[in-house]
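The values are calculated or read from the model by the stated rules, or taken from the named source; none is laboratory data. Nothing here was measured: the structure is a model prediction, and the numbers come from that model. Ideal geometry is used to build each Cβ from the backbone, glycine not excepted, and the neighbour counts take in all protein chains shown. Calculation scope for accessible area: heavy atoms of the full protein, side chains included, ligands and nucleic acids excluded. Shrake-Rupley method; radii C 1.70, N 1.55, O 1.52, S 1.80 Å.
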Amino acid sequence: MPTTDGTATSPALTAPGIALKAVDKDTTAGVVFGIGAYGLWGLLPLYFFVLQPASAVEIVANRVVWSLVFCTLLITVTRSWRVLAAAFRDRTVLGTLSIAAALIAVNWLTYTYGVTTGQAVEASLGYFINPLVSVLLGVFVLKETLRPLQWAAVGIGFVAVVVLTISYGKLPWIALTLAFSFGLYGFVKKRIGPKADAVTSLTMETVVLTPLAAATMIFLAVSGAATLGTHGSGHFWLLVSSGVITAVPLLFFGASARRLPMTTIGLLQYFAPVLQFIVALVVFQEAMTPDRWIGFGVVWLALLVLTVDMLAATRRNSVARKRALREARTGR
């Protein structure tokens, strides 16, 4: 990236190398955080499985409330209360993260409902489709330029949705809701950029959602539908631990989204649906009909095309970086 500091007195030859090293280090960190986030999300259905008989609504309400408790501890340990207060005073940040909170609430409810009602396969489909949604958002909203293979992948993805709609006999609304809610969530988080770090943004999101979540927990308790205090200490602590289980991958994702372009984030998400799909088939023993295999196969074809394009682009960028470094060292 070109420097804008015209007053620098250090040798000009070293500036490109330093900038490229900084970019590479930041990108590597973003990839590591992304893999961590999506890997943990991929195993999340197992956690919901052991929370039975808690309903999707109760699970999500607990996730919000205990996530806020965990975030409060993090803010205290890192002594970031002033940073958090400043973020709350920024109306742009508060408004944007309020939208993000609504999107992630929809995503959590939909996904938890899908897993707890025996539809984990369709839920995994949503996260298979999500990279395509992220690519589309990158193009139409962030004005990122798509390459031909990326366009081909998006087109194949649309074909897959049609095939799966025919297979299910209805629009796969769980999958589509998950894909678009999380795709938009990632876009909103990207817009915040450096204005709020991962801990601050997650804390603000949970603060926005906590009043409704706490009211839901009280209602469930009063109506006798809550399982938090009625199914033993093990179940209690499993629900309480939802704060950590929810916050950690989201913090990883927030750290990744601030470092990587939307298209790269979309590609990293492969980790989550692959693990979710395996869990749904192997652990939950959900059925896959031949026509659904065809539909999933078309989705995987789209992702394969995206992967080929990503590897080619990565190779080109690597060659360009090496050329830039060589030219910087030789002064040409």
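Within segment 300-319, residues that are part of a helix (DSSP H, G or I) have Cβ atoms under 7 Å from residues that are surrounded by 13 or more Cβ atoms within 10 Å (Cβ to Cβ) and of a type in the set (Val, Ile, Thr) in these pairs: Leu301/Ile156; Ala302/Ile156; Val305/Ile156, counting only partners at least 6 apart in sequence or on another chain.
Each row is one residue, and each column tells you yes or no for (1) outside any helix (DSSP H, G or I); (2) closer than 29 Å to Leu184 by Cα; (3) modelled with pLDDT under 85; (4) out of contact with any helix residue (DSSP H, G or I) (no Cβ under 6 Å at 6 or more places or on another chain).
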residue: Ile218; (1), (2), (3), (4): no, no, no, yes
residue: Ala225; (1), (2), (3), (4): yes, no, no, yes
residue: Thr230; (1), (2), (3), (4): yes, no, no, yes
residue: Leu250; (1), (2), (3), (4): no, yes, yes, no
residue: Ala287; (1), (2), (3), (4): yes, no, no, yes
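Looking for something surrounded by fewer than 22 Cβ atoms within 10 Å (Cβ to Cβ) and free of Cβ contacts under 8 Å to residues at least 24 places away in the same chain - is there at least one such residue anywhere in segment 118-132? No, there is no match, as no residue in segment 118-132 is surrounded by fewer than 22 Cβ atoms within 10 Å (Cβ to Cβ) and free of Cβ contacts under 8 Å to residues at least 24 places away in the same chain. Checking each residue in segment 294-318 for being within 19 Å of Arg147 (Cβ to Cβ) and open to solvent by 70 Å² or more (accessible area, probe 1.4 Å) picks out Leu301, Leu304, Val308, Leu311, Thr314, Arg315, Arg316, Asn317.
All conditions in (1) over 30 Å from Ala86 (Cβ atoms); (2) surrounded by fewer than 20 Cβ atoms within 10 Å (Cβ to Cβ) hold for Leu142, with the sole exception of (1). Taking the listed residues Leu306, Leu325, Leu301, the one that is at pLDDT 75 or above and closer than 18 Å to Phe271 by Cβ is Leu306, with no other qualifying. Count of segment 182-201 residues, restricted to those that are buried (at least 21 other Cβ atoms within 10 Å of the Cβ) and not in a helix (DSSP H, G or I), is 1. Would a scan of segment 265-282 turn up a residue that is touching a Gly at 6+ places or on another chain (Cβ under 7 Å) and polar (S, T, N, Q)? Yes, that holds for at least one residue.
Scanning segment 164-177 for residues that are outside any loop (DSSP other than H, G, I, E, B) and either under 19 Å from Gly297 (Cα atoms) or of a type in the set (Phe, Trp, Tyr) (or both) returns Leu164, Thr165, Ile166, Ser167, Tyr168, Trp173, Ile174, Ala175, Leu176. Among the criteria (1) of a type outside the set (Lys, Arg); (2) surrounded by fewer than 22 Cβ atoms within 10 Å (Cβ to Cβ); (3) within 17 Å of the chain's Cα centre (by Cα), the one Thr76 does not fulfil is (3).
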